[in-house]
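Asker: Supplied in structure tokens, the structure appears directly below.
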Amino acid sequence: MTTVDLIYFNAGGGHRASALALQSVLRELGRPWDVRLVNLFEVLDPSGRFKRLTGKAPEDWYNQRLARGWTLGMAHELKILQGLIRLTHPTLVRKLRRHWLRTRPDLVVSLIPNFNRALYESLIAALPGVPYVTVLTDLADLPPHFWIERDQSQHFVCGTPRAVQQALALGHAEDRVHATSGMILRPEFYRPATLDRAAEQRRLGLDPQRPTGLVLFGGHGSKAMLGIAERLSDTQLILVCGHNQALAERLRAQPSTARHVVVGFSSDIPAWMRLADFLIGKPGPGSVSEAVQLGLPVIVVNNAWTMPQERYNADWIREQRLGVVIGSFRGVDSAVAQLLDELDAYRARVDRIQNRALFEIPEILAALLQSGALHHSRSEKRCNPRGTAGPALPDGQCRPP
């Protein structure tokens with residue numbers, strides 16, 4: 001069976017969510033592929049040595065910083081991380097090459113940044129001819145060495161014209177840069193609503209005649225939600241705290257004049273979005289794309305604490321006029337007033353965005369698999385022109401006749 005490996009890690013949650021969404025739609029479409037999820041850190045550290053030494057998995061350090069809002073200075077830390085990756089590059093390539101030789105995928109799809117050079121070089125060293133594709137889960141690249149590497153004969157899937165132009169500017173051929181209409185979203189965001197919106201709002205104590213905001217900061221919440229809830233005491237809100245139980249308890253204890261529904265972790269974010277009229281959060285590519293898919297204008301912040309890879313997202317929101325971008329959540333009450341004054345116009349612009357990336361990417365991958373199979377067939381013919389020798393070896397050489 002054809003095997004497709006989706007490479008992810010758990011930092012931030014969006015990479016794993018994209019991998020799961022892609023795996024799910026490929027199964028729903030009935031593709032005859034064995035789609036395998038591959039956690040990069042489990043390949044590089046299968047025994048969990050890092051966690052034993054530090055007490056936490058590598059992703060946990062990052063996720064806890066997001067939950068606490070400790071994002072100032074991440075641009076400088078990213079450079080340090082990328083420097084460490086370059087220093088350990090030979091070791092990374094060696095470990096990954098052994099992994100590819102053992103698991104032998106027919107196609108490798110990366111949904112992660114920073115490690116694409118090591119992933120690509122290890123794959124072509126182990127299995128030349130196997131296609132390698134990077135699916136950007138951000139609206140744009142953050143050069144250099146984040147999503148798009150120069151001088152790699154690979155494929156890219158880009159969800160915005162900005163990302164496409166970045167790949168072309170780095171010298172990649174047009175036939176290796178594939179444009180989609182947006183970011184990967186879970187299949188649930190495309191399914192029709194089945195709940196009675198007004199009845200569900202009343203069940204939660206919300207007034208269906210009043211606008212409701214959804215406050216969402218990913219799977220680990222953010223302490224910024226406390227200030228937002230305080231400043232929007234008279235606005236109906238649904239506050240999703242994710243795994244941050246302490247934050248949920250503090251929000252429940254805060255007084256408000258309008259109904260504030262506090263939610264812990266939920267796997268059904270589309271249902272909560274369908275109960276709201278607008279989204280408040282950080283300019284993450286996943287949450288913004290999900291909100292727009294379900295017709296919600298957005299209010300996001302863009303300042304020194306915004307992660308560098310998410311700053312273009314705020315520019316995109318401004319360019320498309322899909323919501324309000326503010327410099328600090330201290331101004332969230334004014335932003336809500338501005339958005340509600342023009343809510344119909346914002347909704348009309350949001351409705352014009354048609355994101356079908358989840359269903360476009362399988363077609364791109366199918367074409368890459370076909371080209372990879374053709375390349376493999378030609379390699380075997382070069383090694384075995386008369387059918388007397390074996391197939392090409394993993395290192396690209398031929399077996400002796």
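Asker: Measure nothing but the geometry: give the 0 to 90° angle between the long axis through the Cα atoms of 116-126 and the longest principal axis through the Cα atoms of the chain, rounded to 10°.
Answerer: 30
Asker: Note down the relative contact order for the chain as a percent, whole number, built from C-alpha pairs under 8 angstrom at least six residues apart.
Answerer: Once divided by the residue count of the chain, the mean separation gives 16 percent.
Asker: Using Cβ contacts closer than 10 Å as the measure, can you line up Leu40, Leu369 from fewest to most?
Answerer: Fewest-to-most Cβ neighbours within 10 Å comes out as Leu369, Leu40.
Asker: Quick check: convex hull over the Cα atoms of the chain, volume per residue in Å³, rounded to an integer?
Answerer: Values: hull volume 57.7 nm³, N = 401.
Output value, Cα hull per residue: 144 Å³.
Asker: Using Cα atoms only, what is the angle between the long axis of helix 89-103 and the major principal axis of the chain, expressed in degrees (0 to 90) to the nearest 10?
Answerer: Value to nearest ten degrees: 80.
Asker: DSSP loop (so not H, G, I, E, B), at most 14 other Cβ within 10 Å: list which chymotrypsin sites (Phe, Trp or Tyr not before Pro) in the stretch 212-272 pass both filters.
Answerer: Sparse-neighbourhood loop chymotrypsin sites (Phe, Trp or Tyr not before Pro): Phe265.
Asker: Relative to the first principal axis of the alpha-carbon coordinates of the chain, what is the inclination of helix 74-87, with its axis defined by its Cα atoms, in degrees from 0 to 90 and to the nearest 10?
Answerer: Helix 74-87 sits at roughly 10 degrees to that axis.
Asker: When the helices in the chain are scored as -39500 (n - 2.57) per DSSP H run of 4 or longer and the sum is shared across all residues, what 222 nm value do you end up with, to the nearest 500 deg cm²/dmol?
Answerer: Here the helix-only value at 222 nm equals -13500 deg cm²/dmol.
Asker: Related question: Just the number: Rg to Rh for the stretch 196-351, Cα atoms, Kirkwood Rh, two decimals. Write down the numbers at each step before the final one.
Answerer: Details: Rg = 14.3 Å, Rh = 15.4 Å.
So for the stretch 196-351, dividing Rg by the Kirkwood Rh gives 0.93.
Asker: What is the stretch 182-261 by shape, rounded, prolate or oblate, if you read a ≥ b ≥ c off the alpha carbon gyration tensor as root eigenvalues and call it rounded for a/c under 1.5, prolate for a/b larger than b/c, and oblate otherwise? Mind showing how you got there, number by number?
Answerer: Details: a/c = 2.12, a/b = 1.19, b/c = 1.78.
Oblate, since a/c reaches 1.5 and b/c is not below a/b.
Quick note: the coordinates plus some simple rules give every number you see, no bench work behind them. Quick caveat, the model's predicted, so the values are computed rather than measured. Using ideal geometry, Cβ is built from the backbone for each residue, glycine included, and neighbour counts are taken over all protein chains shown.
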